[in-house]
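The values are calculated or read from the model by the stated rules, or taken from the named source; none is laboratory data. Please read all numbers here as calculations on a predicted model, not as lab measurements. Cβ placement follows ideal geometry from the backbone for every residue including glycine, while neighbour counts extend to all protein chains displayed. Ligands, DNA and RNA are excluded from the accessible area calculation, which covers all protein heavy atoms including side chains. Shrake-Rupley method; radii C 1.70, N 1.55, O 1.52, S 1.80 Å.
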Amino acid sequence: IQAKRVAARTLAEDIDDPPLKPLLGELSNPDADVRNYVAQALGKTRSPEAIRPLIKVLQEDVDDQVKTSAEGSLVMIGKSAVAPLVKLLEESKHIGLTIRLVKILGDIGDKRAIKPLEKVYNETSNVVLQNATAVALNKID
């Protein structure tokens, strides 16, 4: 496990264009540190192929740091992640996931997210979600 940790960390921190396929397989590694570094490295690939696996991390991983790394990677991937993120936002019933999605969409800053974010803002009674949505909307020009 230590060797995988070191390798994943090297890919996340030192390699500018890490290989996609080996990384995807390690998102299910039992070691949270490995998954965390892999989630970080996937953003550096900027590959649309990484979007669905990173979204799955947001939905299913038990480690908050791994989820946070997946968020950052989705932001790095950028505009190609907007449509699947909006779709998940519209379907989300989990407040924690919804807040993460709102933040990611705000950080990406694509105008396609404005209407779905406005809908979330208008339909929620959760103050934390409303605040996160207002911040996200303000980031989009």
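Of all residues in the range 80-113, those satisfying the criterion of being crowded, with 16+ Cβ neighbours inside 10 Å and over 14 Å from the mean Cα position of the chain (by Cα) are Ser92, Asp110, Ala113. Counting only residues that are closer than 17 Å to Val86 by Cβ and open to solvent by less than 50 Å² (accessible area, probe 1.4 Å), the range 114-138 holds 10 of them.
Ile77 meets the conditions (1) closer than 21 Å to Asp31 by Cα; (2) aliphatic (A, V, I, L, M); (3) within 10 Å of the chain's Cα centre (by Cα) in every case but one. The failed one is (1). Based on this model, can you work out whether Lys103 counts as in contact (Cβ under 8 Å) with a residue 24 or more places away in the chain and either assigned to a loop (DSSP other than H, G, I, E, B) or not aromatic (Phe, Trp, Tyr) (or both)? Taking the combined requirement at face value, the residue satisfies it.
Taking (1) assigned to a helix (DSSP H, G or I); (2) of a type outside the set (Asp, Glu); (3) open to solvent by 10 Å² or more (accessible area, probe 1.4 Å); (4) closer than 20 Å to Val38 by Cα in turn, Val62 satisfies each apart from (1).
In the range 115-127, the count of residues that are outside any helix (DSSP H, G or I) and closer than 27 Å to Ala32 by Cα is zero.
There is at least one residue in the range 92-99 that is within 30 Å of Asn122 (Cβ to Cβ), assigned to a loop (DSSP other than H, G, I, E, B) and of a type in the set (S, T, N, Q). Each residue in the range 19-44 was checked for being open to solvent by 20 Å² or more (accessible area, probe 1.4 Å) and either under 18 Å from Lys79 (Cα atoms) or touching a residue at least 40 places away in the same chain (Cβ under 8 Å) (or both), and 2 of them qualify. Here Glu123 passes the criteria (1) farther than 24 Å from Val66 by Cα; (2) in contact with a helix residue (DSSP H, G or I) (Cβ under 9 Å, 6 or more places away or on another chain) except the one numbered (2).
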